[in-house]
């Protein structure tokens, strides 16, 4: 990417999807884009990270092996505490979601990289995979008892007139909130970073009189950069923990 003042001040240019390889299948455009490339890079890095860590298998774990084991244990404990021992069968699913999102978020922090999780189509696809899994598991596990999720037992009959529609709307909103939470946080954070960075560059070019303000904008950018690293991990955690909570509802819907 060639630097220009216009791009420095444009916070939206970083989200533009660009074709790398133009591909067509019949009437469909299946081009390989920067979004596809960086998603593939995220998958490759996750596989490489855990593959290298598992291959060493040293008696005294290296830092890489320790980090991999901590990540494995962290997700296992999350699934066990949120969904019970029965939920551990979905450990690979939650593990994959967490580390794919985490690495995608961290890759987006590299200058000139593409943040795939800042696009609603990506986060929406991840959210739909969660909800479809929840519905399928709930129906297979509980049959029609899955629908008890929308009518918790113990309430007076007239309460269900209000409670059931609320529960249905709440359930249908789950994929929307999952997708929007991740998308909005990554989009807003990167826009703010680009604005402060571009503002600092523009002020430096405007003359030495604006240098103090430029330094302040640069300092804010550095602080926001640190915050974005925290948000990158936090959003992956929130997505994973909510997935565990929804799976717990599916596994124990008949208990409601």
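The values are calculated or read from the model by the stated rules, or taken from the named source; none is laboratory data. Not measured: the values here are computed from a predicted model. Cβ coordinates were reconstructed from backbone atoms using ideal geometry, including for glycine residues, and neighbour counts include every protein chain displayed.
Restricting the first member to the range 153-165 and to residues that are without any contact (Cβ under 8 Å) to a residue 40 or more places away in the chain, and the second to residues that are outside any loop (DSSP other than H, G, I, E, B) and surrounded by 10 or more Cβ atoms within 10 Å (Cβ to Cβ), the beta-carbon pairs closer than 8 Å and six or more apart or on different chains are 155/163; 164/150.
Taking the range 172-200 only, how many residues are out of contact with any helix residue (DSSP H, G or I) (no Cβ under 7 Å at 6 or more places or on another chain) and free of Cβ contacts under 8 Å to residues at least 60 places away in the same chain? Working first, answer last.
Residues of the range 172-200 out of contact with any helix residue (DSSP H, G or I) (no Cβ under 7 Å at 6 or more places or on another chain): 172-173, 176-177, 180, 184, 188, 191, 195.
Applying the additional criterion that residues be free of Cβ contacts under 8 Å to residues at least 60 places away in the same chain yields 172-173, 176-177, 184, 188.
Selection size over the range 172-200: 6.
Residues of the range 94-118 that are at pLDDT 95 or above and surrounded by fewer than 18 Cβ atoms within 10 Å (Cβ to Cβ): 96 alone.
Looking at 183, 171, which one is modelled with pLDDT of 90 or more, surrounded by fewer than 19 Cβ atoms within 10 Å (Cβ to Cβ) and more than 26 Å from residue 67 (Cβ to Cβ)? Give the derivation first.
On the way: 183 fails: surrounded by fewer than 19 Cβ atoms within 10 Å (Cβ to Cβ).
Testing whether each residue is modelled with pLDDT of 90 or more, surrounded by fewer than 19 Cβ atoms within 10 Å (Cβ to Cβ) and more than 26 Å from residue 67 (Cβ to Cβ) leaves just 171.
Within the range 112-128, the only residue that satisfies the criterion of being closer than 14 Å to residue 100 by Cα and free of Cβ contacts under 8 Å to residues at least 12 places away in the same chain is 125. Evaluated against (1) over 13 Å from residue 235 (Cβ atoms); (2) in contact with a helix residue (DSSP H, G or I) (Cβ under 9 Å, 6 or more places away or on another chain), residue 92 falls short on exactly one condition, (2).
Anything in the range 213-226 that is without any contact (Cβ under 8 Å) to a residue 60 or more places away in the chain, within 22 Å of residue 101 (Cα to Cα) and surrounded by 13 or more Cβ atoms within 10 Å (Cβ to Cβ)? List them, or say none. Quick ask: steps written out before the conclusion?
Within the range 213-226, the first condition is being without any contact (Cβ under 8 Å) to a residue 60 or more places away in the chain, and the residues that meet it are 213-224, 226.
Pick out the ones that are also within 22 Å of residue 101 (Cα to Cα) and you get 224, 226.
If the condition is that a residue be without any contact (Cβ under 8 Å) to a residue 60 or more places away in the chain, within 22 Å of residue 101 (Cα to Cα) and surrounded by 13 or more Cβ atoms within 10 Å (Cβ to Cβ), then 224 is the only one that fits.
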